[in-house]
1. What does the convex hull of the Cα atoms come to per residue for the stretch 1-190, in Å³?
2. Any chance you could run the full-extension gain for ALA295 through VAL12? It's 0.36 nm times the residue separation minus the Cα-Cα distance, nm to one decimal.
3. Sequence-distant or interchain residues sharing an amide H contact under 5 Å with MET238, placed H: which?
4. With a Förster radius of 35 Å, plug the Cβ-Cβ distance of TRP181 and VAL256 into 1/(1 + (r/R0)^6) and report the FRET value to the nearest 0.05.
5. Tell me, how many Å apart are the Cα centres for the stretch 278-306 and for the stretch 1-61?
6. What is the dipole size for the stretch 1-130, taken about its Cα centre, with +1 at each Lys and Arg Cβ and -1 at each Asp and Glu Cβ, in debye to the nearest 20?
7. What is the calculated FRET efficiency for ALA45 to SER359, with r their C-beta to C-beta distance and R₀ = 25 Å, to the nearest 0.05?
8. Quote the Stokes-Einstein diffusion coefficient, in whole µm² s⁻¹, for the stretch 1-108, based on the Kirkwood radius over alpha carbon pairs, a temperature of 37 °C and a viscosity of 0.692 mPa s.
Amino acid sequence: MRGRIRMVRKMVFLALAMFSLGTDLFVIGGVLPKLAQGLSVSAAAAGQLVTVFAVTYAVTAPFLSAMAGKYPRKPVMIGAITGFALANLGSAFAVNFAMLLGMRVLAALCAATFSPSLPATAAQLAPAERRGAALAIVNGGLPAALVAGAPLGTWIGQVFGWRWSFLLVFALTITAAVSLWLTLPQLPRAETALVRRKLSFAVTPAYRGGWAVSLGWIIATYELQTYLPQILSSLLKMDAERTSLVLLMNGIASVVGIVLGGLFADRWKPVSTIRYALLLMAASFLIMPFAVHSAIGFTAVVLLWGIGHWGFYPSQQHQLVSPRPTEAGTILAFNSSVVYFGQAIGAGLGGLVYASGGSGIEIAWISAGAALLALAATKTKLYITKNGGMKHDDSIAA
């Protein structure tokens with residue numbers, strides 16, 4: 001019993017590190033108006049903080065992972081978590097926008113170093129019969145950040161100023177770093193050569209289609225997610241409290257979406273869940289411009305979008321991994337890089353709407369188009385078999 005308690009405690013501290021990362025990622029959009037005003041930049045320029053972080057992470061993650069594999073995992077991981085905390089501390093005290101951009105680059109470099117190690121460490125420490133539960137606890141830090149971290153950070157930023165949102169992330173992250181240093185055992189170095197050899201699957205036609213689906217899905221959401229608080233404030237005239245409440249409800253919808261997505265992926269074929277989720281997202285985006293005059297109606301559409309977005313996620317992971325289950329870690333790591341590229345593109349497209357003089361709601365039309373393109377990409381080989389589901393196929397896996 002004591003051994004199980006110690007194991008759960010380690011998983012919780014790993015999840016806290018993931019929660020800190022998620023809060024950092026999601027809170028930027030919540031304090032965007034205050035941040036832009038405080039640093040005397042436009043909302044479009046401030047939104048590029050998301051783009052810079054995402055591009056830096058996506059480009060450097062494979063190389064940093066390979067370099068980190070040469071050294072013992074525990075000090076590298078905890079050092080990177082500490083660096084991430086200090087980058088957020090530096091962000092809180094940034095004297096101008098250029099300094100804040102630099103801190104976001106540093107935060108992305110640290111995140112690209114430690115975030116892949118969190119689930120890998122959980123899988124290594126947990127016994128085989130409890131590995132799934134351990135991974136669920138650690139990965140649950142991200143949706144938990146949507147439910148609790150981002151709304152809390154947004155509320156703090158709206159009431160006390162955007163700098164306090166970064167201080168919150170600093171406090172969470174440094175707590176995770178100290179806790180992991182005190183509780184984790186020494187961990188062996190990761191194998192990197194094998195990972196490099198396995199990356200050849202990523203350029204096969206089947207997986208190019210899979211990456212296209214992930215890319216369209218994340219672009220559809222992130223260009224709107226980044227500027228949602230701005231839309232709520234400028235078009236629906238919501239104050240800080242109501243904006244935080246909508247973000248909290250969106251976070252709860254995301255948890256509902258993950259649960260439903262997992263259940264339906266097991267009960268139905270994963271590709272069916274993927275397509276229904278993308279259809280729900282596209283429908284939500286198409287309705288959104290017509291609901292902008294009603295706070296209740298707009299909030300309801302935002303909740304449907306959240307359910308569709310996160311309902312997609314577990315099914316897409318299942319679909320990508322099924323042809324090559326022994327290489328799940330490599331596949332999902334590559335998919336994460338695609339997702340971060342998509343976040344950068346989405347935030348950039350949203351910024352272009354504002355830079356061109358749009359009101360912001362035009363972003364919904366672009367999001368609908370991206371979701372429909374992702375839906376069309378599910379017609380590729382990775383998603384089509386004789387029975388419409390997934391099976392191992394050497395022509396896909398090759």
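Here, each number is a calculation from the coordinates, and none is a lab measurement. What you see is a predicted model, and the numbers here were worked out from it, not measured in a lab. Cβ placement follows ideal geometry from the backbone for every residue including glycine, while neighbour counts extend to all protein chains displayed.
1. Numbers: hull volume 20.4 nm³, N = 190.
Dividing the Cα hull volume of the stretch 1-190 by its residue count gives 107 Å³.
2. Numbers: separation 283, 0.36 × 283 = 101.88 nm, distance 3.67 nm.
Full-extension gain reported as 98.2 nm.
3. SER233
4. Numbers: r = 35 Å, r/R0 = 1.00.
About 0.50, to the nearest 0.05.
5. Answer, in whole Å: 25.
6. Working: 11 positive and 2 negative charges, 132 e Å.
My answer is approximately 640 debye.
7. Details: r = 17 Å, r/R0 = 0.70.
Calculated transfer efficiency: 0.90.
8. On the way: Rh = 15.6 Å.
It diffuses with D of about 211 µm²/s by this estimate.
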